[in-house]
1. Return a yes/no flag: does the range 200-211 have any residue that is among the β-branched types (Val, Ile, Thr), modelled with pLDDT of 95 or more and more than 14 Å from Ala155 (Cα to Cα).
2. Is there a residue in the range 174-197 that is buried (at least 20 other Cβ atoms within 10 Å of the Cβ), of a type in the set (Asp, Glu) and either closer than 24 Å to Ser49 by Cβ or touching a helix residue (DSSP H, G or I) at 6+ places or on another chain (Cβ under 9 Å) (or both)?
3. Would a scan of the range 109-116 turn up a residue that is touching a residue at least 12 places away in the same chain (Cβ under 8 Å), at positive phi and basic (Lys, Arg)?
4. Search the range 56-67 for residues being in a helix (DSSP H, G or I) and over 17 Å from the mean Cα position of the chain (by Cα), and hand back the single one that is surrounded by the most Cβ atoms within 10 Å (Cβ to Cβ).
5. Of all residues in the range 154-169 being over 17 Å from the mean Cα position of the chain (by Cα) and within 21 Å of Phe8 (Cα to Cα), which is surrounded by the most Cβ atoms within 10 Å (Cβ to Cβ)?
6. Looking at the range 121-171 only, could you name the residues that are over 29 Å from Asn100 (Cα atoms) and in a loop (DSSP other than H, G, I, E, B)?
7. Conditions first: (1) charged (D, E, K, R); (2) touching an Asp or Glu at 6+ places or on another chain (Cβ under 9 Å); (3) under 19 Å from Met46 (Cβ atoms); (4) surrounded by fewer than 21 Cβ atoms within 10 Å (Cβ to Cβ). Arg119 passes all but one, so which condition is the exception?
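The values are calculated or read from the model by the stated rules, or taken from the named source; none is laboratory data. Here the structure is a predicted model, which is why all the values come from computation and not from measurement. Virtual Cβ from ideal backbone geometry, glycine too; neighbours counted across all protein chains shown.
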Amino acid sequence: MKIKKNKFKEHISKKNKQIGIWSCLTNNTIAEIISVTGFDWSVIDMEHSPNDIQEVLTQLQVMEGYDTEPVVRVPWNEPIMVKRILDMGAQTILYPFVQNVEEAKVAVEATRYPPKGIRGIMSAARMNRYGHVENYYLEAEKEICVLIQCETKEAIKNIPEIAKVDGIDGIFIGPSDLSGSIGKIGQFEDQEVQDLIYEGLELATKAGKPAGILTGKKDYAKKYVEAGYTFVAINSDTNLFARSAENLLKEFK
């Protein structure tokens with residue numbers, strides 16, 4: 001049996017636009033709906049959502065066989081959780097709050113087997129189809145996609161150096177923490193916040209790395225795609241449900 005190809009990694013490396021969604025509701029049916037609908041990628045969020053290990057596993061299993069690439073955002077840039085997520089079969093990891101080259105190197109090393117990294121070696125688990133994938137340990141690196149979030153003014157400035165780290169496949173701009181880092185928390189439409197968002201795109205592009213971003217506003221999503229962002233999450237399941245429910249209720253009350 002051959003290793004599963006990471007089509008998302010292949011597409012963003014070629015700067016093919018990938019439209020995604022953020023998934024926070026820790027629900028298998030939601031994961032299935034997202035996949036059936038046909039999003040290119042979907043973040044299973046562990047940082048700001050109550051997704052635990054078992055819930056992530058079952059969502060990965062539900063999404064198997066669909067074209068939607070599950071992107072697992074781990075809670076933090078540390079190797080133990082990453083090891084478990086990779087062994088469960090995830091091939092794309094999104095790291096929150098990476099500030100500099102040193103932290104970017106730590107992120108990559110957690111996804112690589114020795115001697116390139118520190119990923120622990122498991123003989124048979126979901127990642128290698130319980131031992132059925134040929135040459136998994138030699139092939140895994142090619143299909144693992146490492147995305148790092150630059151979500152402060154400092155991190156934005158460090159993108160040129162971060163992008164040089166071998167194994168970084170994409171730069172993700174985090175608008176929420178970015179706004180907070182300059183004292184404008186939640187003011188996503190503020191000009192200074194937007195300038196940093198576009199500066200991040202420009203620096204990533206100059207460094208030859210695809211850039212990604214999340215927004216809950218349709219107009220901004222379109223602007224980011226048109227501006228050159230390669231992978232854009234155009235909303236979250238939580239926000240879609242909450243706003244739809246809110247608007248429906250307003251029609252009756």
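1. So far as the range 200-211 goes, yes, one or more of its residues are among the β-branched types (Val, Ile, Thr), modelled with pLDDT of 95 or more and more than 14 Å from Ala155 (Cα to Cα).
2. no
3. No, the conditions are met nowhere in the range 109-116.
4. Among residues in the range 56-67 that are in a helix (DSSP H, G or I) and over 17 Å from the mean Cα position of the chain (by Cα), the one surrounded by the most Cβ atoms within 10 Å (Cβ to Cβ) is Val62.
5. Filtering first and then ranking leaves Val165.
6. Met122, Ser123, Ala124, Ala125, Arg129, Tyr130, Gly131, His132, Val133, Glu134, Asn135, listed by residue number.
7. (4)
Yes or no, residue by residue, for (1) buried (at least 20 other Cβ atoms within 10 Å of the Cβ); (2) among the hydroxyl-bearing types (Ser, Thr, Tyr):
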| position | (1), (2) |
| --- | --- |
| Met1 | no, no |
| Lys7 | no, no |
| Ile19 | no, no |
| Asn27 | no, no |
| Ala31 | yes, no |
| Ile34 | yes, no |
| Ser42 | yes, yes |
| Asp45 | yes, no |
| His48 | no, no |
